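Structure first, commentary second.
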Amino acid sequence: MPQDKAVGDTQETEAAIAHDGIDRADATVGVVGSADPDNANLDSRIVEAIGNDRMPALYAAGNTDAGSQQRAVSDFLDRNVKAIVLHADQSTGWEEALTKARKAGIPVVLLASSIEPDDQTLYAARLVVVSHDAQTGGVNYAIGDALMRVIDDKPHTKTMNVLLTGVAE
């Protein structure tokens, strides 16, 4: 794990020497879904969009409590995913699970999350889903491109606007 930075959030500038990162087809992403039924549609769209961007996605449902979401993070660590997208429901109690991911060298990306860790090294980025016609004033990434920036440890902002390519809004 990098010192004073989150895994996947260590590059402030492009490397002087180009390197070959992991191929998208090998970049399995674990998606920890929300336990809130109102968020099921967003979770489904996220998994579909990751697949549409040629990346394998594994999904774990939130099953009514933060404990099940935290166990899902641990399960994805055991499966050696390349990144974890976390749609957390509760804002507290995440330090242990996120620290385990950090120590394992797996970047965590927060999605529509109420988590605001005091320790910014526990997550690489926060994704904000925007519509294709949104005028955000910033860069809008396809979700796969955003995740690959994190996985390949390329420069990115802490909050990234993402489009769910190939998915109906």
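The values are calculated or read from the model by the stated rules, or taken from the named source; none is laboratory data. Keep in mind that this is a model prediction, so the values were computed, not measured. We place every Cβ from the backbone using ideal geometry, glycine too, and count neighbours over all the protein chains shown. With ligands, DNA and RNA removed, areas are computed over all heavy atoms of the protein, side chains included. Shrake-Rupley method; radii C 1.70, N 1.55, O 1.52, S 1.80 Å.
If you scan region 75-88, which residues turn out to be under 15 Å from the mean Cα position of the chain (by Cα) and open to solvent by 10 Å² or more (accessible area, probe 1.4 Å)? Before the answer, list the steps.
Narrowing region 75-88 to residues under 15 Å from the mean Cα position of the chain (by Cα): 76-77, 80-88.
Scanning region 75-88 gives Leu77, Asn80, Lys82.
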Could you tell me whether any residue of region 147-166 is within 14 Å of Glu48 (Cα to Cα), surrounded by fewer than 17 Cβ atoms within 10 Å (Cβ to Cβ) and at pLDDT below 90? yes
With respect to His132, determine if the residue is open to solvent by 20 Å² or more (accessible area, probe 1.4 Å), over 22 Å from Ala35 (Cα atoms), touching a helix residue (DSSP H, G or I) at 6+ places or on another chain (Cβ under 8 Å) and not polar (S, T, N, Q).
no
Out of curiosity, is Ala61 in contact with a helix residue (DSSP H, G or I) (Cβ under 9 Å, 6 or more places away or on another chain), at pLDDT 85 or above, open to solvent by less than 50 Å² (accessible area, probe 1.4 Å) and hydrophobic (A, V, I, L, M, F, W, C)? yes
Apart from one, (1) assigned to a helix (DSSP H, G or I); (2) open to solvent by 50 Å² or more (accessible area, probe 1.4 Å) all hold for Asn39; the odd one out is (2)
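Of Ala16, Ala25, which residue is under 22 Å from His156 (Cα atoms), among the aliphatic types (A, V, I, L, M), open to solvent by 50 Å² or more (accessible area, probe 1.4 Å) and modelled with pLDDT of 90 or more?
On the way: Ala16 fails: modelled with pLDDT of 90 or more.
Among Ala16, Ala25, only Ala25 is under 22 Å from His156 (Cα atoms), among the aliphatic types (A, V, I, L, M), open to solvent by 50 Å² or more (accessible area, probe 1.4 Å) and modelled with pLDDT of 90 or more.
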_Any residue at all in region 108-119 that's buried (at least 21 other Cβ atoms within 10 Å of the Cβ), modelled with pLDDT of 90 or more and in contact with a Pro (Cβ under 6 Å, 6 or more places away or on another chain)?_
no
The helices (runs of 4 or more DSSP H) lying wholly within region 51-169 that contain at least 2 residues that are within 17 Å of Ala40 (Cα to Cα) are 66-78
Of Val81, Val73, the only residue that is within 18 Å of Gly21 (Cβ to Cβ) and touching a residue at least 12 places away in the same chain (Cβ under 8 Å) is Val81
